[in-house]
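Take a look at the structure set out below.
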Amino acid sequence: MTSIEKKITLNGVNLNELLGPNDANLKLIENRFSSIVTVRGDIFHIKGVQQEVDLIEKILKEMVYVLNMSNRLTSNDVETIISLTSDGSEVIADDDYENIVLYTKNDVIKAKTPGQKLYLKVATQNDICFAIGPAGTGKTYLAVAIAVAALKKGLVKKIILARPAVEAGESLGFLPGDFQEKIDPYLRPLYDSLDEMLPTEKLRGYIEKGIVEIVPLAYMRGRTLNNAYVILDEAQNATDLQMKMFLTRLGANSKAIITGDITQIDLPYKTKSGLIQAKEILQGISGVGFVYFDKEDVVRHKLVKDIIDAYEKNNLSKMNGD
């Protein structure tokens, strides 16, 4: 039978834990199959007949899944995975694996809808990604997960999350407490997302060491951000000057995701949204990608889609003079 060779990159995994002591887990695979498996960096080279190569690829992906979910992978686990996968039983499907963004202590975060899958692809392929769409589509949550995954893989050294502190109907000056206490409500959604993805103590340590920063957009002025994943959330509430300031902060080996909903702008009357301007003038620039979500990408409560649809119909009715 014809022999083929396949290269597989396994992202987001501790290779020492995956391979086991003295590559014991890898040897279990080699002893079961006739294919040759070699590892160079995080790339696995599998050489053998097509059917066996495909099977070993599935086994490796199942091993990654189990390791990242339980933080351990024993020889017994590997033997069980080999047996189950060889019999046609899989924990995850191939298309699921490709859409996994991050493994957490409780769950797997993955792109679920067509819009989210495109989002993951665009964010991976571009240094700057704009994600525009209604609430509940996972724009912010997936952006944070993508950044945390990049940090865990060592692709960046820090994460910076920023939001415009638009006063949306209430003045900061009238809120109780010092400045940090006044600004925290605006930043709370970002803290909540991180808290779901990282153990509490690790997150606290990251924040104390400056590895993770959560700041108002105004705090970005004058900085050059190297080796960082930078996220601007609620970008529809950034002015045109603030958006330009943010985008020009990127330094070497940095990436950015900008999220927003252009139907929910809280800026003062006649103040142009920097997100709308960016959408108009940055199209077609290499390295800048745009993803547009709609209500079909909503992953919150099933009623959210109906609520968005009702508001869209109401706005359309007003435009038509009904």
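Just to be sure, is A165 touching a helix residue (DSSP H, G or I) at 6+ places or on another chain (Cβ under 6 Å), part of a loop (DSSP other than H, G, I, E, B) and touching a residue at least 24 places away in the same chain (Cβ under 8 Å)? In short, yes.
Starting from residues that are at pLDDT 90 or above and of a type in the set (G, A, S), keep the ones in segment 21-59 and report whichever is surrounded by the fewest Cβ atoms within 10 Å (Cβ to Cβ). Among them, the one singled out is S34.
Listed conditions (1) under 21 Å from S75 (Cα atoms); (2) open to solvent by 30 Å² or more (accessible area, probe 1.4 Å) are all met by T9, apart from (1).
Quick check: is even one residue across segment 243-250 open to solvent by 70 Å² or more (accessible area, probe 1.4 Å) and closer than 24 Å to A165 by Cβ? Yes, the conditions are met somewhere in segment 243-250.
Out of all the residues in segment 103-127, which are in contact with a Leu (Cβ under 9 Å, 6 or more places away or on another chain) and either modelled with pLDDT under 95 or surrounded by 22 or more Cβ atoms within 10 Å (Cβ to Cβ) (or both)? Once the filter is applied, which keeps residues that are in contact with a Leu (Cβ under 9 Å, 6 or more places away or on another chain) and either modelled with pLDDT under 95 or surrounded by 22 or more Cβ atoms within 10 Å (Cβ to Cβ) (or both), segment 103-127 yields Y103, T104, K105, V108, I109, K110, A111, Q116, Y119, L120, A123.
Per the listing V230, V288, the residue uniquely modelled with pLDDT of 95 or more and open to solvent by 10 Å² or more (accessible area, probe 1.4 Å) is V288. When segment 10-43 is filtered for residues that are among the basic types (K, R) and under 19 Å from L55 (Cβ atoms), the ones remaining, listed by number, are K27, R32. For first residues located in segment 257-272 and within 25 Å of L118 (Cα to Cα), partners that are in a loop (DSSP other than H, G, I, E, B) and lie 6+ apart or on another chain with Cβ distances below 7 Å form the pairs T259/D233; G260/E234; D261/G133; D261/P134; D261/A135; T263/P134. Considering segment 134-159, and only residues there that are of a type outside the set (A, V, I, L, M, F, W, C), within 15 Å of V101 (Cα to Cα) and touching a Ser or Thr at 6+ places or on another chain (Cβ under 9 Å), the residue that is surrounded by the most Cβ atoms within 10 Å (Cβ to Cβ) turns out to be K139. Restricting attention to segment 187-243, the residues that are more than 17 Å from I257 (Cα to Cα), in a loop (DSSP other than H, G, I, E, B) and of a type in the set (D, E) add up to 0.
For segment 63-75, the set of residues classified as within 19 Å of G88 (Cα to Cα), out of contact with any Leu (no Cβ under 8 Å at 6 or more places or on another chain) and open to solvent by less than 40 Å² (accessible area, probe 1.4 Å) is empty. All conditions in (1) surrounded by fewer than 19 Cβ atoms within 10 Å (Cβ to Cβ); (2) among the β-branched types (V, I, T); (3) at pLDDT 90 or above hold for V91, with the sole exception of (3).
Evaluate the following for S254: is it open to solvent by less than 30 Å² (accessible area, probe 1.4 Å) and over 30 Å from K153 (Cα atoms)? Against the criterion (open to solvent by less than 30 Å² (accessible area, probe 1.4 Å) and over 30 Å from K153 (Cα atoms)), S254 does not qualify.
The values are calculated or read from the model by the stated rules, or taken from the named source; none is laboratory data. Note that this is a predicted model, so its numbers are computed, not measured. In this analysis, Cβ positions are derived from the backbone assuming ideal geometry, glycine residues included, and neighbour counts consider all displayed protein chains. Protein only, heavy atoms only, side chains kept; ligands, DNA and RNA dropped before computing areas. Shrake-Rupley method; radii C 1.70, N 1.55, O 1.52, S 1.80 Å.
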